[in-house]
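Note sheet for the following structure.
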Protein chains: 2
Amino acid sequence: MDHSPGDTRPHIVVIGGGFAGLWATRALARDDVRITVVDRSNHHLFQPLLYQVATAGLSAPDIAAPLRHILRRQRNATVRMGTVAGIDTETREVHLDDGDAIGYDFLLLASGATHAYFGHDEWARYAPGLKTLDDALLIRRRILSAFERAEASDDDAERRALLTFAIVGGGPTGVELAGTLAEIARHTLKREFRRIDPRQARVLLLEAGPRVLSAFPQTLSTKALRQLQKLGVEVRTGSAVTRIDAVGVTLGDESIATHTVLWAAGVAASPLARSLHVPLDRAGRVLVQPDLSVPGLPQVFVAGDLASLQQDGKPVPGVAPAAKQMGRHAAASIRARITGHATAPFRYRDYGNLATIGRMAAVVHFGRLGLSGAIAWWFWLLAHIFFLIGFRNRLVVMLNWTWAYWSYQRAARIILNNEERPE
Amino acid sequence: MDHSPGDTRPHIVVIGGGFAGLWATRALARDDVRITVVDRSNHHLFQPLLYQVATAGLSAPDIAAPLRHILRRQRNATVRMGTVAGIDTETREVHLDDGDAIGYDFLLLASGATHAYFGHDEWARYAPGLKTLDDALLIRRRILSAFERAEASDDDAERRALLTFAIVGGGPTGVELAGTLAEIARHTLKREFRRIDPRQARVLLLEAGPRVLSAFPQTLSTKALRQLQKLGVEVRTGSAVTRIDAVGVTLGDESIATHTVLWAAGVAASPLARSLHVPLDRAGRVLVQPDLSVPGLPQVFVAGDLASLQQDGKPVPGVAPAAKQMGRHAAASIRARITGHATAPFRYRDYGNLATIGRMAAVVHFGRLGLSGAIAWWFWLLAHIFFLIGFRNRLVVMLNWTWAYWSYQRAARIILNNEERPE
């Protein structure tokens, strides 16, 4: 689809319309280049709020905007919805699975990460992870259906298993899911069932390491743990999962009967990294140069979760602010290449770290400052509303949250595409 | 799941949580009865706005609310999410497909209607109809994907077929879909593509009868036709579809190449009607007595789209107000049976008929009054917001519509569960 034969501007192909790809594209808005953004979905996703869609607090369109719409006024950019099958760095072409090939002068690979099950891919069907809107709707369906099935069940053991929810992984996503699920069981659904008491639901957060939120200082991890326990979450640290199947989850010798296991434990790099045929780190990410280019491929850059880079002896984390910064930096590196200037090394600026736990419960860490509880929660709320793309979405999200806050209700408790009871 | 052995209150089972079933349940809130509402989805759906979800103006949860939540304070009602496999009127039991059986003293069958393809079930996969939220999300995905695929295509004929949209059926749903689709092509997507011009999309509305909106007076049909044409819709009346397949739609001798056909032509009664083993009308609906009971089955009532009833020589129409009125009447008939009183005949009160066409374009008909254009549109807007269940939804819908109105944007242009490009 390289249909601009008379166009001599350098053609930049950006794979992935997430934070890294989109921020790079926007940074090049005034350059004399052509940009093609390729993404397999039609939208940019505000991933930090994905757990709210999974837990029925927000609708899918509240946290997503069509890439075309975001870029409609950027005349040097075009969007191609499609799935990349491979990259040929010899011919400088991106191959799509529909047979199309897109030639590039510069390539930015920003296709991010996906779930990793540590060699246990058979766990995927029992323990869905949370990366896309479709993942979030699947998790929402599983959670809400478990309560429905428990209400209908006549078997005590089955009912207990249906009311047991296990979240694997004590990072920010796991903490958010566990805290929100505990609130749903204790408050949102309180009066709605006649045969079960949703407050008796067990929510387990299983973490293999010694503490939750290990990217935060020890004191904030401890505060997060107490806030989770106050909400009724059973936190098990040092608990490595050894098996997940249709009947439950196994931790060493202990088997826990549950029908709902959610995976928030591991991410793996997008498999597209392999098609570059360059050295990768253990997680499959590309070991980039300081200017974010790929060793030996000066016209190829990598940004976001797919880039592996050390700074001051620590890896740059796979978080949204790092992806945005890398995207902008990759754009600057490409511009330098085009104009014949030297590229500069990327420096990650850490503005802090936020994780929410529940209503009025969160932890925030900036430099030396650590906050927890209500003040951290307000901080988290404002930061997330502020960074949401699109004026309309911010308003709708604020309205939904205000409503949810006062009523303890969740606006999107709708089971869609009911897999368990097909027509 | 009939687990109240000590409970001597009459048990009323309501099949279907749509307008008829829900209004009947609410009407019995203060009666000394037990009510079980069975529905295969977890939500009540505000069906009159379903086309807005299909055309990406609203999110699925904006027009739906969990049945449990609506009924949470009605202590004599319980909700069972499940699919009814059959009804045994001998043993007075409702059988669910998960093997459960629910005994009843009175049964209200309000399972509504589904799409009918006039004996051409093979058309269903090419021409989805619009009855559930999942249907709406499927149609949304097909519409948005057609524009994406057209942008990627190098073949002129394929691009034209992808930009041709055929809607079969000129009733209110067909008119709403056609009008909104024309607006999307002309305004919403105007600047967002680089290779196609969405304004060149063709939107065809195919009606077998002599005019659109045949339930309205001739003058309003003509006004609706003009409003559709002004929006750019090609209306073909007297055009019976003879074939629908993967490459297009055939009308007599004419073949129209299109990848997107939407079905708004026919509805058929829920197949559950057959399990009563009583006479049905040609559309498969139950020929009910004037009090809405089933001939020969005095403890079984039918309300809503599934009930076939003549009034003053005309059938009671399959619209939301009729369903609500029948639901309330069936509740009164059941109450009369329980208390040993005579039941009264149902009378449909026709408060008028509304259909929207597009921005500032609608027709309204009450008694002798007919309105069209902007005033009819404002009337339609206020009526729909007023009747939406749930305070929060009304606010969100109003906000979305205000935004959509001023910006010509549609808030929910997100492709979910992308069937065409599976991972």
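Give a residue-ordered list of calculated ³J(HN,Hα) values for the range B:56-70 (Karplus: 6.51 cos²θ - 1.76 cosθ + 1.60, θ = phi - 60°; whole Hz; x for Gly, Pro).
6, x, 10, 7, 3, x, 5, 10, 9, 9, x, 4, 4, 6, 4
Can you list the residues, at least 5 places off or on another chain, whose amide H is less than 5 Å from the amide H of B:ARG80, using H built in the peptide plane?
The list, which skips near neighbours in sequence, is B:VAL37, B:VAL38, B:ASP39.
Ranked from highest to lowest mean number of other Cβ atoms within 10 Å per residue, what is the order of the peptides A:340-353, B:354-367, B:250-263, B:299-312?
Ranking, from highest mean packing down: B:299-312, B:354-367, B:250-263, A:340-353.
Please tell me the relative contact order of chain A in percent, rounded to the nearest whole number, where contacts are Cα pairs under 8 Å and at least six residues apart.
19
Quick one: helix B:391-407 against the long Cα principal axis of chain B, what's the angle to the nearest 10°, folded into 0 to 90?
In chain B, helix B:391-407 runs at an angle near 10 degrees to the longest axis.
Can you give me the angle between helix B:374-387 and the longest principal axis of chain B, using Cα atoms only, in degrees from 0 to 90, rounded to the nearest 10?
Once rounded, the angle reads 40 degrees.
Would you tell me the mean number of C-beta atoms belonging to other protein chains that fall within 10 Å of each C-beta in B:37-48, as a whole number?
Other-chain Cβ atoms within 10 Å of each residue's Cβ, averaged: 2.
Please work out the Cα center distance from the range B:65-85 to the range B:375-416, rounded to the nearest Å.
Comparing the Cα centres of the range B:65-85 and the range B:375-416, I get a distance of 26 Å.
Would you mind giving the mean number of other chain beta-carbons within 10 Å of the Cβ of each residue in B:146-153, as a whole number?
Mean partner-chain Cβ count within 10 Å for B:146-153: 4.
Quick one: if the Förster radius is 35 Å, what FRET efficiency do B:LEU399 and A:ILE375 give, using the C-beta to C-beta distance and rounding to 0.05?
The calculated FRET efficiency here is 0.75.
Tell me, what is the percent relative contact order of the range B:314-397, built from C-alpha pairs under 8 Å that lie six or more residues apart?
16
Which cross-chain or sequence-distant (5 or more) residues have an amide H under 5 Å from the amide H of B:ASP291, H modelled 1.01 Å from N in plane?
The list, which skips near neighbours in sequence, is B:PHE346.
Run the helix sum for chain B: -39,500 (n - 2.57) per DSSP H stretch of 4+ residues, divided by residue count, reported at 222 nm to the nearest 500 deg cm²/dmol.
-9000 deg cm²/dmol
Excluding A:LEU225 itself, what net charge comes from residues whose Cβ is under 15 Å from its Cβ, given Lys and Arg +1 and Asp and Glu -1?
Counting the neighbours of A:LEU225, the net charge comes to +2.
Across 10 Å bins from 0, what is the distribution of all Cα-Cα pair distances for the range B:210-336, in whole percents?
In whole percents, the pair-distance histogram is 11, 29, 26, 22, 11, 1.
Please report the residue of chain A with the smallest beta-carbon distance to the A-to-B rotation axis, and give that distance in Å, no decimals.
Reported as residue, whole Å: A:SER59, 2.
Take peptide A:58-67, look around each residue's Cβ out to 10 angstrom, count Cβ atoms belonging to other protein chains, and average those counts.
6
Collect residues whose amide H, placed 1.01 Å from N in the peptide plane, falls under 5 Å from the amide H of B:GLY86; neighbours closer than 5 in sequence don't count.
B:HIS95
Does the protein assembly as shown come out rounded, prolate or oblate, given a ≥ b ≥ c as the square roots of the eigenvalues of its C-alpha gyration tensor, rounded meaning a/c under 1.5 and, failing that, prolate meaning a/b above b/c?
oblate
Return one number: the angle in degrees, 0 to 90 and rounded to the nearest 10, between the long axis of the Cα atoms of helix A:133-152 and the longest principal axis of the Cα atoms of chain A.
Rounded to the nearest ten degrees, it is 10.
Just add up the charged neighbours of A:ALA322: K/R +1, D/E -1, any other residue whose Cβ is under 15 Å from the Cβ of A:ALA322.
Once positives and negatives cancel, what remains is +3.
Pop out the ³J(HN,Hα) list for the range A:42-52 in order, Karplus 6.51 cos²θ - 1.76 cosθ + 1.60 with θ = phi - 60°, rounded to Hz; leave Gly and Pro as x.
Those phi angles translate into 8, 9, 8, 10, 8, 4, x, 9, 4, 5, 6 Hz.
Explain nothing, just compute: Karplus ³J(HN,Hα) = 6.51 cos²θ - 1.76 cosθ + 1.60, θ = phi - 60°, for every residue of the range B:176-184 in order, whole Hz, x for Gly and Pro.
In residue order, the calculated couplings are 4, 5, 5, x, 5, 4, 5, 5, 4 Hz.
All of the numbers you see were taken from the coordinates with simple rules; none came from a lab. Just so it is clear, the structure is predicted and the values come from calculations on it, not from any experiment. Cβ coordinates were reconstructed from backbone atoms using ideal geometry, including for glycine residues, and neighbour counts include every protein chain displayed.
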